[in-house]
Amino acid sequence: MEQRLESARFRYINEVLYTTSSGEAKRMFRQDPQAFSIYHRGFTAQVQRWPANPVDAIISYIRHKPASLVLADFGCGDCKIALSLKNKVHSFDLAPICDRVTVCDMANVPLKDGTVDIAVFCLSLMGTNLGDFLVEANRVLVMGGILKIAEVASRFENVRNFMGALSSLGFKLVTKDTENSHFYSFEFEKIAEASERVNAGGLELRPCLYKKR
Ligand code: SAH
């Protein structure tokens, strides 16, 4: 019974994260601190059902780069990236599940402009205001810096529109992998500053809602 209740709460919290703006999500976690641990237990159980975890591919990509590069992990969860690499990693999330986390809404992170070499969003483009997160990543990245995105494949209605929107935010596509049945991944390079007023239509992604089990 308890297990079923927790699973229902996970599905509800997950749905709120995908279908509201990050301000709303922040409020939910502030009002109900338990919600975050329920969400993370559910997310971890979900990850174990997948054939591979996209964060591992991102970690192995960064391992081949110089350890001097500075990273920002937007929506870091359990900080696997920071815990696996020697690089300086800024780990951002709405609540802390490990002591490496800087708690904030990733629409507004406490970093100066142009101070990050690689920005990562691994399964974390969750709010309806994802344009704000990507504008923020653009702001903190150095010119020529790298943006890595991994997302659940079924969230994409139109990959071309998504890439077009990223392009209007100042990001040039370097590589993409949309062959994987579960996850799509993209690598972009920052080639221009993003204007906050940019109309990045095409960024909308479907929510990833989990089935009742
Ligand atoms: N990147 C990690 C965790 C993915 S789960 C991994 O791949 O394992 C998605 C994470 O994004 C959650 O921890 C959630 O709390 C966080 N998140 C969602 N919206 C956020 C926001 N606006 N600001 C900061 N973190 C956010």
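Given the options I97, I191, name the one that is over 22 Å from L69 (Cα atoms), open to solvent by 30 Å² or more (accessible area, probe 1.4 Å) and touching a residue at least 12 places away in the same chain (Cβ under 8 Å).
On the way: I191 fails: over 22 Å from L69 (Cα atoms).
Every option except I97 fails the conditions.
Can you tell me which residues in the range 131-154 are over 26 Å from N180 (Cα atoms) and in contact with a helix residue (DSSP H, G or I) (Cβ under 9 Å, 6 or more places away or on another chain)? Before you say what the answer is, go through the steps one by one.
Applying the first criterion (over 26 Å from N180 (Cα atoms)) to the range 131-154 yields 132, 135-136, 138-144.
D132, the sole residue that qualifies.
Applying the selection to the range 108-128, what residues are more than 20 Å from K65 (Cβ to Cβ) and open to solvent by less than 30 Å² (accessible area, probe 1.4 Å)? If you could, list the steps in order and put the result at the bottom.
Step one: of the range 108-128, the residues more than 20 Å from K65 (Cβ to Cβ) are 108-110, 112-113, 123-128.
Hits for the range 108-128 are V109, L123, S124, L125, M126, G127.
Pick from the range 3-59 the residues that are within 9 Å of the ligand (Cβ to nearest atom) and outside any helix (DSSP H, G or I): which of them is farthest from A153 (Cα to Cα)?
S21
Within the range 1-41, track down each residue that is hydrophobic (A, V, I, L, M, F, W, C) and open to solvent by less than 50 Å² (accessible area, probe 1.4 Å).
Taking the range 1-41 first, the residues hydrophobic (A, V, I, L, M, F, W, C) are 1, 5, 8, 10, 13, 16-17, 25, 28-29, 35-36, 38.
Of everything in the range 1-41, those that are hydrophobic (A, V, I, L, M, F, W, C) and open to solvent by less than 50 Å² (accessible area, probe 1.4 Å) turn out to be A8, F10, I13, V16, L17, A25, M28, F29, A35, F36, I38.
Restricting the search to the range 42-94, which residues are farther than 23 Å from F183 by Cα, of a type in the set (V, I, T) and without any contact (Cβ under 8 Å) to a residue 40 or more places away in the chain?
Correct list: V89 only.
For (1) more than 21 Å from K190 (Cα to Cα); (2) assigned to a loop (DSSP other than H, G, I, E, B), each residue gets a yes or a no:
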{"residue": "K86", "(1), (2)": "yes, yes"}
{"residue": "V109", "(1), (2)": "no, yes"}
{"residue": "M126", "(1), (2)": "yes, yes"}
{"residue": "V142", "(1), (2)": "no, no"}
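Would you mind finding the one in L173, L166 that is part of a helix (DSSP H, G or I) and within 18 Å of the chain's Cα centre (by Cα)? Step through it out loud before you land on a result.
Details: L173 fails: part of a helix (DSSP H, G or I).
One residue alone meets the criteria, L166.
Taking the condition within 16 Å of I59 (Cα to Cα) and open to solvent by less than 10 Å² (accessible area, probe 1.4 Å), does I146 pass? Working first, answer last.
Numbers: within 16 Å of I59 (Cα to Cα): yes; open to solvent by less than 10 Å² (accessible area, probe 1.4 Å): no.
For I146, the condition - within 16 Å of I59 (Cα to Cα) and open to solvent by less than 10 Å² (accessible area, probe 1.4 Å) - is not met.
The values are calculated or read from the model by the stated rules, or taken from the named source; none is laboratory data. Being a predicted model, the structure only gives us computed values, none of them experimental. We place every Cβ from the backbone using ideal geometry, glycine too, and count neighbours over all the protein chains shown. To get the accessible areas, we keep the full protein, side chains included, count just its heavy atoms, and leave off ligands, DNA and RNA. Shrake-Rupley method; radii C 1.70, N 1.55, O 1.52, S 1.80 Å.
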